[in-house]
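The values are calculated or read from the model by the stated rules, or taken from the named source; none is laboratory data. Only a predicted model underlies this, so the values are computations on that prediction, with no experimental measurement involved. Virtual Cβ from ideal backbone geometry, glycine too; neighbours counted across all protein chains shown.
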Amino acid sequence: MGDLKKYFPESIGLKSIFKCCGLCMLMPVFLASAVGDWQSFASILNWDPLIWKNDTLYAGSSGGLLRLSEEQFEVFTNSDGTLSHAKLSALFLDDEGNILAGTGAGKAIIDIIDKNGRSRHLDLGLNEITHITGNGANVFMAAIKGLAPGIAHLLRVGDEYIFRDFFDQFPMQISRIYQLALLNDTLYAGTNQGLLRTDIRQPNLKPASAWERTATSIGSAEVKVLSVFDGNLFFTLGQNLCLYENGQYSVEKTSLSATSILTFFKYDTTYYYSQSATVYQRDNTGRRWHTDFIVPGPVISSEICGDDLVLGLQNRGIVKLNLRGEILHTFIPDSPFSEGYTSMAKGGDGTLALANYAGHSLLRKGRWHNLIRSNQHTAIHSQQSEAFSADTLAYTVIGLPLVFDVLISSNNILYTSFQGVHIDLARINYAPVVKPGPVFYVNLDHYLDYGILDTTNDLFDGSEASTAGSAQYVVSRGMAEGKDGSVWIINAHASNGEPLIRILPNGEKIKYSVAESGDKLQVLGREMAFDERNRLWIANQSHRENQPVTTGGITIYDLVRNEWFLLTTAEGLVHNDLFSIDRDIDGSMWVVTAGGVQNILSPATLSSGNFSTVMKNNVRPPLNGLGDVNVSKVRIDSRGNKWFLTTDGGVRIYQRNGVWFNKGYGYNMQNSPLLSDVVYDAVFDSQSGKAYLLTSEGLNTVITPWADPIESEDKIFAYPQPFRPGIEPRLIFANIPDQSTLIISTVNGRHLLTLPPTDSSNQGHEIHWDGRLDNGQFLNRGVYLYFVYNVDGLRFTGKIAIL
């Protein structure tokens, strides 16, 4: 938070988005300091739609509701309780200043934020909300319910909105309603089958007969965009720009782009539309449209703000221009640059790295920095902006390969493995700076030190041995770092039978073959982990139907003795098809198989003579409690809690004490601000207890009770001070040592309350107290003492003030 110049240096042209030049603008700051606090992160670079009202600009984004005024920039998400979900798909402001937002992914909720900032949420059983429009008393929402497109109708009664009906019967069968528009008492709906309209004064809009297909005289293509100005309706009909005026339909312009987003706006008496990076102006006399000016990127939204124009640019925030096309200011907020991240890693310095095929987003000390892939241009900036921050690295990825794994090594090298990448240069029409390959690397201390690991010197091998494989198609999967700093990488489907690569700290590379392992090493490894004795465990895919035929199971490689072992159902695995593996703090291994989750003790020694006998005693039965979800990965935090990531139920957490967290439900979309029940990855900050959860809809963080043990009472404190019971939700006693008891008394020593370690208020390294005594009454105003002690003899005394 601070002066605008601090966050938007003049070198990038960001003085202010408003008229006044000396403004102070606040950047979004996400504070999550107490156990149970959540944050939601997704890209906030695409502002759509834009709404200007009362000198404030509102916008929707994948990362929340954005509000920009002369004084501050704010982001509202589900983690602060404003929205039901951070992903906002539709936005409407009524004439009283109430905000209606369509949010969610897969399940859509209508969030209503009144002019005083209070939120309430309407669940109408919708799957998606695509557009909202309304007048003084009515709000209409284009939506999907089940598989059926329709229109939800809300009525405003006083200060409340109530649901009236859902309309899904129309004169023709449609699969999509794109936008809605109200022209006086006529509601228009742009659909994939043309333009619909109805008179909203009719008593019943449910039957198909209440709706009319219109504009058929000029065509029957899809209608994606609708805008009303001065009693006229502008709309797109296929690739035509059309006008409804004085009861007549006409085609104003033909040959619009079929793929670019189109937006309308009007200033004074002149009409405009934008498409791609061009703004067109209408000659109202001759009714001709001509190019007015070019903007620095594809336009996705537009809004007139006073005498100026604000455009939302694809992945570039917003730009403010005058009506001559001269750029006045640009606003690109601090944000990850993209969406669709599928894997992440955390470095020793706390850097969090998210990855997809288009690049990486790094979260460092609360700020994002992006390393964006460019086909031909590298640009590293000597000074990074405290607003949107990015560099570009020139390397090539053909197609849209899935990122399988990300690793930040102990020497701060970021590695990213691609599960399937074409390295055939004939498939691209330019000479890349760095040619394609299955593993990308970059030195996080020096971004110019980057590159691609490929088939050069036979390091990686193509997949021609697999069904429909090709020597030009290379697959890499899991990665792991050994105690000596070596980085190990799986080259799945390797046709030469060398599916395991080791990169030594000095850069030397070693390959391991199926043959030299005695067929214990498999060509379809998925994930890897080292046990406490530096033995490498590889979770293998079982592939029995066609080539390459693999057994699966777990390959174990003893580096010291150079011995290989294969653990299968013969030793007690419930299934040979393994998805994930991780090491527990007690040295045992946890695996996710197609038949369930198992714990495997890691023996002190292994030998080929007794391997099967020893491991039969070390493989535990499947863990109960996960039968209702599809587990895809296991990740284990520094306190030994097992986090089972699922594709349909969020995260289940099996605590070290053998108790399922939150009665077995863990974190999901129903009981927490988790952005999606599809969770791709999880990493942990042991010092703070923060868990990072990468989902299909963005990144969540949550402060858990499982930070590293606190072994001193020196940093205990209580906040907020003074505390107002019943107004503020909780008084937090922070930096509490493990197994601590809290006692509250008067200053003269009269006992008032004891909270033992087993109390629900104890959140590990924090105690959360609502201000109530055992009799249910709030503690009276005054100054009180609190005492903290634990079984190890730690003692602390402090004071709290109650208002």
**OP:** Kindly indicate whether Asn240 is modelled with pLDDT of 95 or more and surrounded by fewer than 19 Cβ atoms within 10 Å (Cβ to Cβ).
**Re:** yes
**OP:** Answer yes or no: is there a residue in the range 706-720 that is among the basic types (Lys, Arg), over 27 Å from Gly81 (Cα atoms) and not in a strand (DSSP E or B).
**Re:** yes
Subject >> Candidate set from the range 423-443 (those that are of a type in the set (A, V, I, L, M, F, W, C) and closer than 26 Å to Val487 by Cα); member that is surrounded by the fewest Cβ atoms within 10 Å (Cβ to Cβ) >> reply: Val433
Original post:
If we only count strands (runs of 3 or more DSSP E) wholly inside the range 362-462, which ones have 2 or more residues that are of a type in the set (Gly, Ala, Ser)?
Top reply: 390-394
**OP:** Look at Phe565 and say whether it is part of a strand (DSSP E or B) and under 22 Å from Leu645 (Cβ atoms).
**Re:** no
Original post:
Does Arg656 fit the bill of being charged (D, E, K, R) and surrounded by 14 or more Cβ atoms within 10 Å (Cβ to Cβ)?
Top reply: yes
Original post:
Are any of the residues in the range 514-536 out of contact with any Phe, Trp or Tyr (no Cβ under 7 Å at 6 or more places or on another chain), over 17 Å from Asn618 (Cβ atoms) and among the hydroxyl-bearing types (Ser, Thr, Tyr)?
Top reply: no
Original post:
Does Thr754 qualify as being closer than 29 Å to Lys690 by Cβ, of a type in the set (S, T, N, Q) and surrounded by 13 or more Cβ atoms within 10 Å (Cβ to Cβ)?
Top reply: no
Subject >> Complete set of residues in the range 128-157 that are of a type in the set (S, T, N, Q) and not in a strand (DSSP E or B) >> reply: Asn135
Subject >> Residue match in the range 131-146 (condition: under 18 Å from Asp94 (Cβ atoms), of a type in the set (Phe, Trp, Tyr) and surrounded by 14 or more Cβ atoms within 10 Å (Cβ to Cβ)) >> reply: yes
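One line per residue, one yes/no per condition, for (1) farther than 17 Å from Arg282 by Cα; (2) buried (at least 19 other Cβ atoms within 10 Å of the Cβ); (3) out of contact with any Asp or Glu (no Cβ under 7 Å at 6 or more places or on another chain):
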residue: Arg201; (1), (2), (3): yes, no, no
residue: Ala208; (1), (2), (3): yes, no, yes
residue: Glu212; (1), (2), (3): yes, no, yes
residue: Thr216; (1), (2), (3): yes, no, yes
residue: Phe235; (1), (2), (3): no, yes, yes
residue: Gln248; (1), (2), (3): yes, no, yes
residue: Glu252; (1), (2), (3): no, no, yes
residue: Ser257; (1), (2), (3): yes, no, yes
Original post:
Which of (1) closer than 21 Å to Ile767 by Cβ; (2) part of a loop (DSSP other than H, G, I, E, B) is the odd one out, the single condition Pro673 does not satisfy?
Top reply: (1)
Subject >> Residue selected from the range 681-710 under the condition among the aliphatic types (A, V, I, L, M) and within 16 Å of Asp349 (Cα to Cα), by the criterion surrounded by the most Cβ atoms within 10 Å (Cβ to Cβ) >> reply: Ala691
Subject >> Unmet criterion (only one of (1) surrounded by 18 or more Cβ atoms within 10 Å (Cβ to Cβ); (2) of a type in the set (Gly, Ala, Ser); (3) modelled with pLDDT under 95) for Ser274 >> reply: (3)
**OP:** Among the numbered conditions (1) in contact (Cβ under 8 Å) with a residue 12 or more places away in the chain; (2) assigned to a loop (DSSP other than H, G, I, E, B); (3) exposed (fewer than 14 other Cβ atoms within 10 Å of the Cβ), tell me where Val783 comes up short.
**Re:** (2)
Subject >> Which listed residue, of Val679, Val619, Val659, is aliphatic (A, V, I, L, M) and assigned by TED's automatic domain parsing to the domain that holds His575 >> reply: Val619
